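*Asks:* Have a look at this one before I ask anything.
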Amino acid sequence: MNIRVTDAAEGLKRRAFTVGDILRMVETGILGPDERFELIGGEIVPMSPKGIRHERFKAWLNRQLVKGLPDHLMTIPETTFYLSDDTFIEPDFVVYPAESGLEKLSPGTCLLAVEIADSSLAYDLGRKARLYAEFGIGELWVVDVNDMAVTIHRHPAGGAYGSIERTGFDTRLTPTRIDGFALELPDYRAS
């Protein structure tokens, strides 16, 4: 049998799934439509539950993006972002050109990806950031809602980001590929 496998951390072989396999599992009820996971290199990776800090910041950021982005750009929270036949992720937000539409969301059309982390910070700054870089996502913000800081990743090359900068919530964030928008982090009030 010619089934693709991946190597688990302990070195044992595991069957690698494709995006098509996952879609069929959801269609047939093997996986529930509300289950939270990502497919990374063929492996199903369960996602951590979201805490209240995550949800508060997500609600605030959603409002800022919807109100502040230029009309030719769109944003969507928690969309399934298909990167390859064996990889999809669910960023908290992506920003992309309205003309290309969500149907053509790709590493080339994604102008900004945002991950909000409360319990998933190590994963978001580690494996997931490397994944974004491997697929050439031009800019990634990882928002640490516990320490009120943002790690800005830019200039992907060779599976890594050439520029990684950490800043506090006392900063104005300006995405490099989005003219006419800035995020005023000092305006955020966690309540």
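The values are calculated or read from the model by the stated rules, or taken from the named source; none is laboratory data. Keep in mind it's a predicted model, so treat the numbers as computed, not measured. Positions of Cβ are backbone-derived with ideal geometry, glycine not excepted, and every protein chain shown enters the neighbour counts.
Each row is one residue, and each column tells you yes or no for (1) in contact (Cβ under 8 Å) with a residue 40 or more places away in the chain; (2) among the basic types (Lys, Arg); (3) over 26 Å from His155 (Cα atoms); (4) touching a Gly at 6+ places or on another chain (Cβ under 6 Å).
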{"site": "Asp34", "(1), (2), (3), (4)": "no, no, yes, no"}
{"site": "Phe37", "(1), (2), (3), (4)": "no, no, yes, no"}
{"site": "Glu55", "(1), (2), (3), (4)": "no, no, yes, no"}
{"site": "Tyr82", "(1), (2), (3), (4)": "yes, no, no, no"}
{"site": "Tyr96", "(1), (2), (3), (4)": "no, no, no, no"}
{"site": "Pro107", "(1), (2), (3), (4)": "no, no, no, yes"}
{"site": "Ala113", "(1), (2), (3), (4)": "no, no, no, no"}
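*Asks:* Does Ile152 count as of a type in the set (Val, Ile, Thr) and under 18 Å from Leu61 (Cα atoms)?
*Replies:* yes
*Asks:* If Arg166 satisfies every condition in (1) in contact with a strand residue (DSSP E or B) (Cβ under 6 Å, 6 or more places away or on another chain); (2) crowded, with 20+ Cβ neighbours inside 10 Å but one, which is the exception?
*Replies:* Answer for Arg166: the failing condition is (2).
*Asks:* Against the condition more than 16 Å from the chain's Cα centre (by Cα), in the same structural domain as Trp60 (by TED's automatic domain parsing), among the basic types (Lys, Arg) and at pLDDT 95 or above, how does Arg166 come out, does it pass?
*Replies:* So Arg166 passes the test.
*Asks:* Does the range 59-68 contain any residue that is β-branched (Val, Ile, Thr), surrounded by fewer than 15 Cβ atoms within 10 Å (Cβ to Cβ) and not assigned by TED's automatic domain parsing to the domain that holds Phe17?
*Replies:* The answer is yes, given that some residue of the range 59-68 is β-branched (Val, Ile, Thr), surrounded by fewer than 15 Cβ atoms within 10 Å (Cβ to Cβ) and not assigned by TED's automatic domain parsing to the domain that holds Phe17.
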